[in-house]
Amino acid sequence: MKNIIILVSAIELGGAQRVVSILCDHWSKNGYKVTLISTFTGNKIDHYKVNDQVALKSLRNNSIFSKIKILTLVLKLTQLRKIILDEKPDIILSFLTRVNVAAALATIGLKTPLIICERTWKPFNTLSNNFFWMYQLLFKNVKSIIVQTDESRTWLRQHFPKINVDVIPNPISYPLPLQKGNILDPNTVFQKHRNLILASGRLHKFKQFDLLMKAFCRVKDEYHNWDLVILGEGEERENLDNLLIELKARDRIFLPGSVGNMSDWYQRADLFVLSSSVEGFPNVLLEAMSYELPCISFDCDTGPRDMIQNGVNGILVSPQEDERGLSEAMQSLITDESFRRKMANNSAHIRDKYSVETIMQKWNNVLDIR
């Protein structure tokens with residue numbers, strides 16, 4: 001029986017965290033021992049559920065040294081290494097850049113294979129370029145780096161030529177299970193007879209929800225029966241609330257926060273918009289397409305173009321077209337119901353391509369699970 005340790009910062013809202021929850025459930029239900037370790041020691045809310053067969057462990061802060069950052073980091077690395085030594089895993093799987101660094105440090109000298117997963121474009125973009133040579137040495141002995149797109153693999157092969165790189169896109173669970181968090185009926189936010197444009201994600205500047213709000217305001221007066229809902233929470237909440245007042249659109253644009261019943265919102269929506277400037281492999285777009293929603297997305301360097309065939313199962317907008325491009329794409333779908341229906345019908349094929357069964361076979365191959 002394989003003994004697998006999975007490392008992540010926390011099971012809070014996020015694409016990597018959703019994938020971690022799927023991996024935990026799939027492997028534990030198939031008879032493998034799975035231990036999930038959360039490295040983040042601050043206040044956090046677990047957004048995704050894992051089944052009771054998964055052993056949950058968390059690193060802890062030492063109150064005596066909590067104000068001395070370097071000592072805190074050393075103590076956490078010591079805790080992590082001790083857990084790994086006690087559990088004696090067959091393989092360690094780590095997600096997200098800073099956790100990947102911690103995993104590589106904690107396993108120095110150990111023979112347990114380490115696989116690290118990078119979810120952003122460009123890989124390791126949150127690390128200082130001044131110490132890039134050090135990271136090249138640190139990751140030298142990892143078994144594999146898992147990325148979501150061919151573009152990321154090409155980049156890594158240029159910068160880490162001696163490390164094996166595998167491409168595994170995110171899986172889609174359809175229908176989506178309920179998640180932890182607020183269960184909010186869409187019909188309590190706006191009236192049943194109105195059409196809904198949906199967006200979702202962490203309220204972060206890279207998601208460009210301010211641009212989406214402005215783009216919607218370009219068309220809202222012409223199409224009185226359409227509203228915009230942006231689901232999520234984050235550091236841009238105050239700025240977006242202020243912009244909503246500035247745009248005088250509080251009766252047409254809604255920001256109800258994060259919800260645990262995303263499936264209800266996808267089913268209620270008429271189209272979905274992804275306005276991000278940067279993405280790895282956006283789960284929300286994958287989910288929206290699996291629910292047969294016509295989708296609009298900026299053509300980021302990575303992610304959306306792997307899912308959307310422009311004009312067939314969605315619309316890709318050049319980032320250079322900015323809010324004007326988004327508003328024109330929204331208008332083209334709002335005004336043409338048959339075009340929306342065509343997009344919706346073609347979007348559904350995404351379920352098979354990225355099904356849990358299909359994607360888990362790729363993971364099993366990389367981890368040598370039979």
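The values are calculated or read from the model by the stated rules, or taken from the named source; none is laboratory data. Just so we're clear, the structure is a prediction, and the values are computed from it rather than from any experiment. Neighbour counts run over all protein chains shown; Cβ positions are idealised from the backbone, glycine included.
Tabulated data
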read-out: Sole residue being aliphatic (A, V, I, L, M) and assigned by TED's automatic domain parsing to the domain that holds Ile115, chosen from Met307, Met360, Met343; value: Met360
read-out: Residue within the range 199-214 that is assigned by TED's automatic domain parsing to the domain that holds Val278, in contact with a strand residue (DSSP E or B) (Cβ under 6 Å, 6 or more places away or on another chain), surrounded by fewer than 17 Cβ atoms within 10 Å (Cβ to Cβ) and modelled with pLDDT of 95 or more present; value: no
read-out: Restricting the range 101-124 to residues that are touching a residue at least 40 places away in the same chain (Cβ under 8 Å) and assigned to a helix (DSSP H, G or I), the residue that is nearest to Lys33 (Cα to Cα); value: Ala103
read-out: Residues satisfying the stated conditions in the range 11-42, i.e. part of a loop (DSSP other than H, G, I, E, B) and surrounded by fewer than 21 Cβ atoms within 10 Å (Cβ to Cβ); value: Glu12, Gly14, Asn30, Gly31, Tyr32, Phe40, Thr41, Gly42
read-out: Selection count where residues are among the aliphatic types (A, V, I, L, M), in contact (Cβ under 8 Å) with a residue 40 or more places away in the chain and over 12 Å from Leu196 (Cα atoms), scope the range 216-249; value: 1
read-out: Which listed residue, of Leu196, Leu176, Leu228, is surrounded by 13 or more Cβ atoms within 10 Å (Cβ to Cβ), in contact with a Ser or Thr (Cβ under 7 Å, 6 or more places away or on another chain) and not assigned by TED's automatic domain parsing to the domain that holds Ser21; value: Leu176
read-out: Yes/no for Ile183 being closer than 30 Å to Cys24 by Cβ and buried (at least 17 other Cβ atoms within 10 Å of the Cβ); value: no
